[in-house]
Each structure stands twice: as structure tokens, then as C-alpha cells.
Amino acid sequence: MNLSPDRQDLEQVAASLVERTIVVAHRLAELAAEDERYDEAAATIAAACANEASTYLPLPEAVPENGYDEADLTLVNDLCDLADALDELGRCSSGLRRIRDRHMAALRIRDASVALRNALPVKEGAAG
């Protein structure tokens, strides 16, 4: 995942990825209703955390082109990287509100990645 050092670009990447995570988590929850290998509650929590993270970010200009049609460890790892980048951006920010928004978005994105990992079947979730 290419995390641009430009602050606005990073926030747009975050907003787009979080938006995609919400969609993927809802699909995962639907799948879990039919397949007991998946954890429906964890998928729902992932969607809720991602939704909360979106409140601290600008509206996404576009959904990322690279896909993420399914929940997998690539998405989980990209979310973790994104949270780290937002935390770093928060540390370099001026203005209390910007600092808070970036750290809160990072926190909720981390929560979403953990819940998404927990929602995956044990074999997939344990591999990362």
C-alpha cells in the first residue's frame, strides 16, 4: 500500500479504504450468517469501528481502485499500516482538533482491523 507523505492525500487514502472496509465487513457479516466459519459479531464490530473512523476523516473522493472485494489479511494489514501513518500524521499536526481527529481515526481503524481479523475463519485469521 502506497501511503503518500502528503497529508491531504493520506487522509483521502484513509477515507477511501475505510469506506471500502465498511462494505467488506458488511459482506463478511452476511457470509457469516450462512457459514459458521466466519464470526458475524466480529464482522459487525469491524463495520461499526470503520464507520466511526469515517467520522474523523474527510469524505472519500473515490473508492480505491485496487479492489478489496473480500476480507483477507491484505486488507487487515493495510488497515494497520494506515493507522500507523495516521498516528504519525497526528504527531506532526498542529491544532488540537486535527491531532485528535487523526489519532481517533487511527484508533478506530485499528479496532476495525482487529475485528476484521477475528471475523475471518481461524485458518485465515491466524496466518497473520
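Observations on the structure shown:
- Hey, residue 71 at pLDDT below 90 and buried (at least 17 other Cβ atoms within 10 Å of the Cβ) or not: yes
- The residues of the stretch 27-60 that are surrounded by fewer than 16 Cβ atoms within 10 Å (Cβ to Cβ) and over 18 Å from residue 102 (Cα atoms), listed by number, are 27, 30, 33, 34, 35, 36, 37, 41.
The values are calculated or read from the model by the stated rules, or taken from the named source; none is laboratory data. Nothing here was measured: the structure is a model prediction, and the numbers come from that model. Cβ coordinates were reconstructed from backbone atoms using ideal geometry, including for glycine residues, and neighbour counts include every protein chain displayed.
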